[in-house]
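First the structure, in the form of C-alpha cells, and then the observations on it.
The values are calculated or read from the model by the stated rules, or taken from the named source; none is laboratory data. Everything numeric here is computed off the predicted structure, so don't read it as measured data. Cβ placement follows ideal geometry from the backbone for every residue including glycine, while neighbour counts extend to all protein chains displayed. Keep in mind that these areas ignore ligands, DNA and RNA; they rest on the heavy atoms of the full protein, side chains included. Shrake-Rupley method; radii C 1.70, N 1.55, O 1.52, S 1.80 Å.
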Amino acid sequence: MDEKTLVTLEYPKILERLADYCAFPASVEKARALRPTSSLEEAHRRQSVTREVVMLLSTGTNLTIGGARDIREKVELAERSGILLPTDLLDIKYTLISARTMARSFERLEGQVPNLTEITDRLPNPPGLIDTISQTISERGEVLDSASEKLGTIRRDLRITHGRLLDKMQRIVSDPKNAPFLQETLVTQRDGRYVLPLRSEFKGRINSIVHDQSTSGATLFVEPLAVVEMNNQYRELQLAERDEERRVLAALSEEIGDSASELLEMVEVIAELDLAFACGKYTQDLEASEPGLRPFLKKPSKRHPGSILRLYQARHPLLDPQTVVPIDVELDQETYVLVITGPNTGGKTVSLKTVGLLALMAQSGLHIPAAHGSECSIFNDIYADIGDEQSIEQSLSTFSSHITNIIRILEQADRQSLVILDELGAGTDPQEGAALARALLTHLLDRGITTLVTTHHPELKAYAHGTPGVVNASVEFDLETLQPTFRLTIGLPGRSNALAIAQRLGMLDEIITDARSEINPDELQTEDLLNEILRQRDLTRATLVEAEKTRREADKLRAELMQRLEGIEDERLNVLEQGQAESTALLDALQNEVAQARRELTRARQPLDVLKPLEDKIEELEDIVTMPVVRKQTGVDEGIFPETLRLGDKVRVRSLNTEGVVTALGEDEAEVQVGNLRVRSRLSELEPKHSQDPATINEQKVPRPAVMPTTSAPRVEPPTSPGMELHLRGLRIDEAMEALENYLDAAYLAGLPFVRIVHGKGTGKLRQAVRAALSMHPQVRSYEPGSDKEGGEGVTVAKLSN
C-alpha cells in the first residue's frame, strides 16, 4: 500500500489510537506496523478475528494476556549464551503461564471462535520450563536452596558458620574486660567481614586487625584475631554460594536459549492475540460495524472495473462522534467516478478522507464507523492527493506539487486501484485548470480506475452529468445560517451560492441584478431547476423525518402498553400461584386424612373399596392443582423491528424466557448467544432487554444484510419448535411413550436447551415410565423434577444435549 497515501489519509493516527488499546509492548509494535492487505482472503480472516473478539467482549467473556511480559531481549541474550537474572527468569515463567492459560481458555471456546483458536493453536509449549524455573527461582526472585544439591550444602554450611561467627563476636562484645574499649557494644561489618567499633585511644588493647576508621578518626573498626579464621571461612562460603548460583543461572539460561525460537514465537502469538483484542475494544468504543468485503466483479460493463463502494452513515473515525455528520457514498454497477462540488469548508475533503480511510481500515481488519450493510471492494492500492503540498526545498508551487504527485499516481495505478484527488485543477488559471481536470478524469475513466475527486470548476458538473460512468455529488450549504451542513448528496451537483450569499449579507439589489444579467440565462435556469429539486428533496426528507418520529412515538406507546400488560400478567400469575399453593396444601391434608382412614380400616379388617371413589376424585383434583401456571402472551409486542436491531444488542428470547446477545442477523431471524449456547430465533420472538432512546433518524434508509454471516452458523432453515411443554396426562403409557419420543426428537432438532414434560402425580406409574425413557434417550443430558411453581413431582424437566 502506498505509504505517502497512508500519511495523507491520516492512517497512522488510527494506528496510534489502536495501539492505546494494546497491553503488551510487542502488540503495540504490531499495531503501529499494521498495514492494509490487498488479499481478499486475508482481509476476510482479519475481519473474522475482530468479529469473534467483539462477540466475546459483548457476551462478557473476559480474556486477557494476563501476566505476559515482553521477553524478547532476555531470550535473545540467553540465545547468545548470556546469563539471565532471576527476575528475567520470572518474567519468562509468567509469560509461559499466561500463554498456557490462554491456550486452555480458547480450547473451551473452539467451536465459537475458530479463527482465534487457530491463532492460539500456534502457541508453543516448551516442555518443563515452567516447572524448572519454579524449582529454581522463588517468587521473590531468589535462587532456591533446592536449585542444586551443592547449593543446598553450601547454604547449610553458611548458616552454621554465620551463627558460630556471630556467637563468637557477641561473646567478645559482652566480655566485661572489653566493654570499656568499645565505642558501642555492637557487631558491624566492613568489606564483608564482621568487625567491632574500637575507640581509637585503646588501639592494641584487643588483638585485632584494623579494617577501617570513622570520619572523625575516633573509632576504629577492627577484626579480633580470634575470629579471623571464622570470617575467612564465612567469606569463602559466600563466594562459593555466588559461584554456584551463577552456575545454576547459567544452566537455566542455556535451557532458555535452547528454546529461544519457541519462546520468541510465543511472544509473537501473544502479541497477535492482544492486537486482536485491541481491535475489538476499539470497535466497541468507535461503535463500528463489520464491513462487507467484496471481490471486483467480472466485467459488469466494458469500462467499469467491477469495484463496489457502498458506505452508509459513514463517520470519519478521528472526528468527534458527537458532532461529526455521517455521509452516504454509493457507486453502483454503472458508475465508478464521483465528482464532488460545493463550497469551501463544506466537507468535501473530509468526505474524501472518510472514504479512503474507511477503505484502509476495512482492508486492515478493523471494523468501520458506518452502518450495517456497508461494503467495499478490496483494492490493490489506494492513492490520494489531498491538501497543500507546496515544497520549498524543491522550489515547487502548490500546483506543481500536486501535478508531480498525480503523475506518480497515474504511473502506478491500475484497474483495481482507488484514486482520490482533492481540488482537481486548482492552483492555476481557471480555464486551463478546468481543461486539465477534465482531461485527467477522461484518462482515469478510460483506464477503468475507481476515482473520487473534488473540484470548484463548474465545467466538471456538466461533464459528470453527461458522461457515462461518472456521477455528481455535492456538499450542502445553509443560506439561512451561512454555514455548511457537511451533508453529502449523491446525484446532484453543488450549487453556486455566491450571489445568494452576497444578497443575504446585504449587498445592494442593483449590484446583484447586474451580476445576474452577466450570467448565461441557461445557467440561471439550471440553477433555478437545481434549487427546486433540492427544495423538493428537503420537503420529502422532512416528511420522512416526521413519519419516523411518529413511528417511534407509536413504538414507545406500544412498549409502555406492553409493560403495563406484563405487570397485569405478573399479578395474575402471583394470584394463581398463591391459590395453587393453598390448594396443594389442602389437597395434601386431604390425602393424609385418606391415608389415615385407610390405615384404620386395615387395622379393623374392613373393606377398602369404600375409599376408591374418594381416591379417584383426589387424583383428578391433583391433576388440576398441579397443572403448571402458564404465562400468557399479551399479543401486543410483535418483537423487535428489524431496522432497530444491531449486532451486540442484548435481547430476551421469549420462547426460552432468557437473555442473550445478538451475534448474527438474517432477514427474518437472528442468532443469539445465550451463555455457551447459540440459538436461532425469529425476530418476532425477540424483545430488547432495556428500552432504548430513539436513535438519530437516518437521512437514507440503511439496507440490512439479507442473510446471516456464514461464519456464525449454518444457513439451514431451523425446524419448527414443538414448544417448551408436552402434556401427557390422560394418555395410556404406550401412547405417552410414542408422543414423548416424537416430541424429544422435534425439540432436539429445533435446538431447545430444555423441555418440560407434564405427566401429573397420580399413582406415579406414568411418571416412572417417563423418567425411565428419559434416562435412556440419547439426546437427553439430564432430567429433574419441576420446581414447586412448575408443578413439582407432576412435571419433569429434561435438559437436552444441544
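Brief remarks follow.
- Cut-off 15 Å between beta-carbons: net charge of the residues surrounding Ala362, Lys and Arg +1, Asp and Glu -1: +3
- Each 10 Å bin from 0 upward holds the following percent of the Cα-Cα pairs of segment 1-101: 13, 30, 32, 21, 5.
- Nearest-20 debye value, segment 1-123 charge dipole, Cβ charges on Lys, Arg, Asp, Glu: 180 debye
- Full-extension gain in nm, Lys203 to Ala604, via 0.36 nm per residue minus C-alpha separation: 132.6 nm
- Flagged links, alpha-carbon separation over 29 Å, of Lys461/Lys549; Lys13/Lys348; Lys30/Lys650; Lys13/Lys549; Lys13/Lys650: Lys461/Lys549; Lys30/Lys650; Lys13/Lys549; Lys13/Lys650
- A cut-off under 11 angstrom between Cβ atoms defines the neighbours of Thr37, and their net charge, with Lys, Arg +1 and Asp, Glu -1, is +1.
- Once both labels are positioned 7 Å from their Cα atoms along Cα-to-Cβ, the gap between Thr658 and Leu590 label points is 3.7 nm.
- Taking every Cα-Cα distance in segment 1-41 and sorting them into 5 Å bins from zero, the calculated P(r) comes out as 6, 23, 27, 20, 17, 7 percent.
- Distance between segment 252-273 and segment 6-71 - C-alpha centres, whole angstrom: 21 Å
- Highest average packing first - 432-441, 88-97, Cβ atoms within 10 Å: 88-97, 432-441
- Computed from the C-beta positions of Glu139 and Thr323, the FRET efficiency with R₀ = 51 Å rounds to 0.50.
- The aspartates and glutamates whose alpha-carbon is closer than 20 Å to the alpha-carbon of Lys177, local same-chain residues fewer than 8 away aside, are Asp167, Glu201, Glu223.
- Once the Cα-Cα distance is subtracted from the 0.36 nm per residue extended length, the Gln238 to Leu557 segment shows a gain of 106.5 nm.
- Long-range HN-HN contacts of Ser374 with modeled amide H, under 5 Å: Gly292, Tyr312
- Spin-label pair Thr188/Glu42, simplified geometry with 7 Å Cα→Cβ offset, distance in nm: 6.8 nm
- Residue-wise HN-Hα coupling along segment 463-472, computed from phi with Karplus coefficients 6.51, -1.76, 1.60 (Hz; x: Gly, Pro): 4, 5, 5, x, 10, x, x, 10, 9, 7
- Other residues whose C-beta falls under 15 angstrom from the C-beta of Val755 contribute a net charge of -1, scoring Lys and Arg +1 and Asp and Glu -1.
- Magnitude of the charge dipole for segment 52-159, about its Cα centre and with charges confined to Cβ atoms of Lys, Arg (+1) and Asp, Glu (-1), is about 320 debye.
- Note on surface exposure: Asp191, Asp332, Asp2 rank Asp191, Asp332, Asp2 by accessible area, highest first, 1.4 Å probe.
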